[in-house]
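*Asks:* Below are the structure tokens for one structure; questions will follow.
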Amino acid sequence: MKERYIVSGMSCTACSTSVERVVRKLKGMNVANVNLIAKTLYVEYDENQITREDIINQVKKAGFTATLDVEKKKKVNYVDKPIITSDSTKPSIKTRIIVSFSLLLPLMYIQMGEMIGLPLPSFILKDINPTLNAVVQACLALPVLIVNIKFFINGFRGLIHLSPNMDTLVMLGSLVSYIYGIVEIILIANGNISYVNSLYFDSSAMILTLITIGKALEEKAKSKTMDSIESLKKLAPTQITILKDNQEYLIDIDDVEVNDKVIVKTGESIPVDGVIVNGQAMIDTSALTGESIPVYKTVGDEVLSATINMDGALIVEAKKVKGDTTLSRIIELVKDAGASKAPIQRLADKISAIFVPIVMGISLITCVVWLITNGNIENAIFHAVQVLVISCPCALGLATPVAVTASIGASAKSGILIKKAEVFELLSNIDTIIFDKTGTLTEGSPSVDKIYLFNNYKTEDFLIIAKTMESMSTHPIAKAIYDYIDFPVKKIEDYKNIPGKGITGLIDSKSAICGSELFLNEKGIDTSIKHTIEDELDSTITFFSYDNKLIGIITIKDKIKESSKETIRLLKEKNIYLSLLSGDNFNVCNRVKEELGIDVAYDSVLPDDKERIVREVKESGRNVAFVGDGINDSPALLQANVGISLESGTDIAIDSASIILLKNNLKDINKVIDISKRTVIIIKENLFWAFIYNIICIPIAAGALSFLGINLNPMIASLCMSISSLFVVTNALRLRKVKEKK
């Protein structure tokens, strides 16, 4: 059973991880993936072992609520809005940063100002009024804790479910520091003024402020996945015209039924999958198949939803409606692919999963050991809190987002837009890239390739005839020929455009015909002489006759982009396996494959096939990047480990992709791979530093060197923590110098 649930209450990665963890514990659960952006839980399970109530109750155990996604259960409604949950009662992350930073500055000034010779009012000096000094610090730190209460909620939730996370350590470090400070205020008020030099309020506030800034940087990189669903839904009209009892009725698309006769006029999108029962037209199928050249359709031919009637009037008998149409299936593919997650290592989470409980254990052991060996409860608490303070994972929390942010900035300067933070790790491991052909490796529009002349016709005379014939047609091939020829047109009389076949007319009172070879043969034109030219199996061929003689042939191709060859060469140097797929036929795809030196080509690919091919390649054990620019590419872009789209692509492709090439230059794929590899190295360096820092400092904080008279006072502990974070940020800034490797 495959289902999707709406989960309320999630606000960060820790929340989504908690939901996934508890749901995956259910016996019979095969897949449980949370899409934090869409607030959804996608599951695949054995319905003989698990019920919906089991899933909902399991989510409740993690502290959240879940309801079955009714849109998934019912037929897709094109006009439905995506479900987005939010909690407007909680302060935004921007507000939290402003409040936290505004209070942290005066707090640090009061706590550390005297140490570096900064002036303070006499009534608040530690030596003159230590109690007031401590109370003011407590009052400044308290709002920082309150405004960042999300850390405490998530951290406490992790403790309850025996799955402590980074938020748990943040909560403990901040909360214990603050509570210990309150205890010290009581001791100071009772005359023990020496405690005024060991307050932890600044550390409590600093922990929350730095981690909040780190989370804001990471949040900025999140993509708006749900926008892609809206873009897909806009492909279908909200209202359609049906023919019933010889009368036309305007109805909502949700009211159309199987076997209804739908009227589709010129320029309109076909709203259902069906069969033409009346009329003929050129159908633009590029939204679904990727083919740049429209296809002629007539009575008895099948048509798909989201394709466009370019010329002519059609009556289509609906065979698949609402949630059964090709478009609705693509919508579901986008949703499910968006909910799936790549099997990558989240190094920071793995380290913290071990690190957090270890630190908590060390802090507790430190307290017990000092009580046993020293008997002084204040000393025991002092060292236990020191462990929590100095081991607070500020650097661990910032290691990834600061490196990612620096890389996003470096990429943006190079014309590469990165939309998801996890792209860098994913892309650095890519070993396979699959390209959509039309509009990606090729120009995506028909253009004149070759011209052949017959019966001793002169080039200029032929081109004038050809341009005149195509001057009144709106067909993309006609437009390509018209734009290519730089000669004036003549007057054409008795003009007739026969969809799917060709054009006839009179030029200078002589018969002129253009179109397919079959069409000219039907008109009695001998085309046998065309066999003297080379085979053009990978081209679209238009024949021209004048005065009942074949005068020329123009071949049309979707030309390969100039940047494609260099891009493929650079990628092959990286030992990346390369594929292309397209809705075009074998000859067209094979020409592009051979010319570029690509490893394998998939031809005659239908919309559903693209997502399936990418999924199957992934399941074979490969890490896949997909490069595309069309509406029909969106499920594949989301299914791939990394989706890459050109800026010139459709809105849905741009929304679905993780990387946008703003310059429309395929060579930037190589550049972003190089940036990604360097970013992962920097992230690992940062994580190593954050981890090794704790390995060295935690034993010292616990008092391991006390017998040598070496202890860390609160200021040094806070300074060490700040230096750790500063190192991480400074190291990440080196990514600004990343250059493309030639």
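The values are calculated or read from the model by the stated rules, or taken from the named source; none is laboratory data. Just so it is clear, the model here is predicted, and its values are computed rather than measured. Every residue, glycine among them, receives a Cβ derived from its backbone with ideal geometry; neighbour counts consider all protein chains shown.
*Asks:* Just name the residue that is surrounded by the fewest Cβ atoms within 10 Å (Cβ to Cβ) out of those in the range 555-580 that are in a strand (DSSP E or B) and touching a Lys or Arg at 6+ places or on another chain (Cβ under 6 Å).
*Replies:* T555
*Asks:* Across the range 305-314, which residue is modelled with the lowest pLDDT among those that are in a loop (DSSP other than H, G, I, E, B) and closer than 19 Å to K501 by Cα?
*Replies:* Only one residue fits best here, namely G312.
*Asks:* Check G643, G703, G621 and return the single one that is more than 15 Å from the chain's Cα centre (by Cα), within 16 Å of L426 (Cβ to Cβ), modelled with pLDDT of 80 or more and among the small types (G, A, S).
*Replies:* It is G621.
*Asks:* Give the range 111-133 a look and list any residue that's at pLDDT 85 or above and in a helix (DSSP H, G or I), or say none.
*Replies:* P130, T131, L132, N133
*Asks:* Having 1 or more residues that are touching an Asp or Glu at 6+ places or on another chain (Cβ under 9 Å) and either touching a residue at least 40 places away in the same chain (Cβ under 8 Å) or in the same structural domain as I308 (by TED's automatic domain parsing) (or both) is the bar; report the helices (runs of 4 or more DSSP H) wholly within the range 455-536 that clear it.
*Replies:* Those helices (runs of 4 or more DSSP H) span 476-484.
*Asks:* Check V592 against each of (1) in contact with a helix residue (DSSP H, G or I) (Cβ under 8 Å, 6 or more places away or on another chain); (2) farther than 30 Å from N35 by Cβ; (3) of a type in the set (V, I, T); (4) at pLDDT 90 or above and name the one condition it does not meet.
*Replies:* (4)
*Asks:* Right, another one. What residue, among those in the range 33-71 that are hydroxyl-bearing (S, T, Y) and at pLDDT 90 or above, is nearest to F156 (Cα to Cα)?
*Replies:* By that ranking, first place goes to T67.
Quick grid of which residues meet (1) at pLDDT 70 or above; (2) under 27 Å from I93 (Cα atoms); (3) in a loop (DSSP other than H, G, I, E, B):
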| position | (1), (2), (3) |
| --- | --- |
| M206 | yes, yes, no |
| K215 | no, yes, no |
| E218 | no, yes, no |
| S223 | no, yes, yes |
| D227 | no, yes, no |
| S231 | no, no, no |
| I242 | yes, no, no |
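*Asks:* Pick out the one residue from K561, K557, K565, K574 that is over 30 Å from D674 (Cα atoms) and among the basic types (K, R).
*Replies:* K557 is the lone residue from the list that is over 30 Å from D674 (Cα atoms) and among the basic types (K, R).
*Asks:* Mind telling me which of the residues D245, D254 ends up being surrounded by fewer than 17 Cβ atoms within 10 Å (Cβ to Cβ), out of contact with any strand residue (DSSP E or B) (no Cβ under 7 Å at 6 or more places or on another chain) and within 15 Å of V321 (Cα to Cα)?
*Replies:* From the options D245, D254, the qualifying one is D254.
*Asks:* Please go through the range 598-628 and pick out each residue that is more than 20 Å from G444 (Cβ to Cβ) and out of contact with any strand residue (DSSP E or B) (no Cβ under 8 Å at 6 or more places or on another chain).
*Replies:* Passing the criteria: D608, E611, R612, R615, E616, E619, S620, G621.
*Asks:* Where residues in the range 241-274 are charged (D, E, K, R) and in contact with a Leu (Cβ under 6 Å, 6 or more places away or on another chain), which of them is farthest from E302 (Cα to Cα)?
*Replies:* K261
Rundown of residues vs (1) of a type outside the set (A, V, I, L, M); (2) at pLDDT below 65; (3) in contact with a Leu (Cβ under 8 Å, 6 or more places away or on another chain); (4) surrounded by 18 or more Cβ atoms within 10 Å (Cβ to Cβ), yes/no style:
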{"residue": "S292", "(1), (2), (3), (4)": "yes, yes, no, yes"}
{"residue": "V303", "(1), (2), (3), (4)": "no, no, yes, yes"}
{"residue": "K319", "(1), (2), (3), (4)": "yes, no, no, no"}
{"residue": "D324", "(1), (2), (3), (4)": "yes, no, no, no"}
{"residue": "I330", "(1), (2), (3), (4)": "no, yes, yes, yes"}
{"residue": "V334", "(1), (2), (3), (4)": "no, yes, yes, yes"}
{"residue": "K341", "(1), (2), (3), (4)": "yes, yes, no, no"}
{"residue": "R346", "(1), (2), (3), (4)": "yes, yes, no, no"}
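*Asks:* For the structure I just gave you, tell me whether T532 is within 30 Å of E594 (Cβ to Cβ) and surrounded by 17 or more Cβ atoms within 10 Å (Cβ to Cβ).
*Replies:* no
*Asks:* Taking G439 as the residue in question, decide whether it is within 26 Å of A281 (Cα to Cα) and either at pLDDT 95 or above or of a type outside the set (A, V, I, L, M) (or both).
*Replies:* When the stated conditions are applied, G439 passes them.
*Asks:* Run V404 past the list (1) modelled with pLDDT under 90; (2) assigned to a strand (DSSP E or B) and report the number of the one that doesn't hold.
*Replies:* (2) is the only condition that V404 fails.
*Asks:* Turning to a different aspect of this structure: Look through the range 543-589, keep the residues that are among the β-branched types (V, I, T) and under 29 Å from the mean Cα position of the chain (by Cα), and return whichever of them is modelled with the lowest pLDDT.
*Replies:* I560
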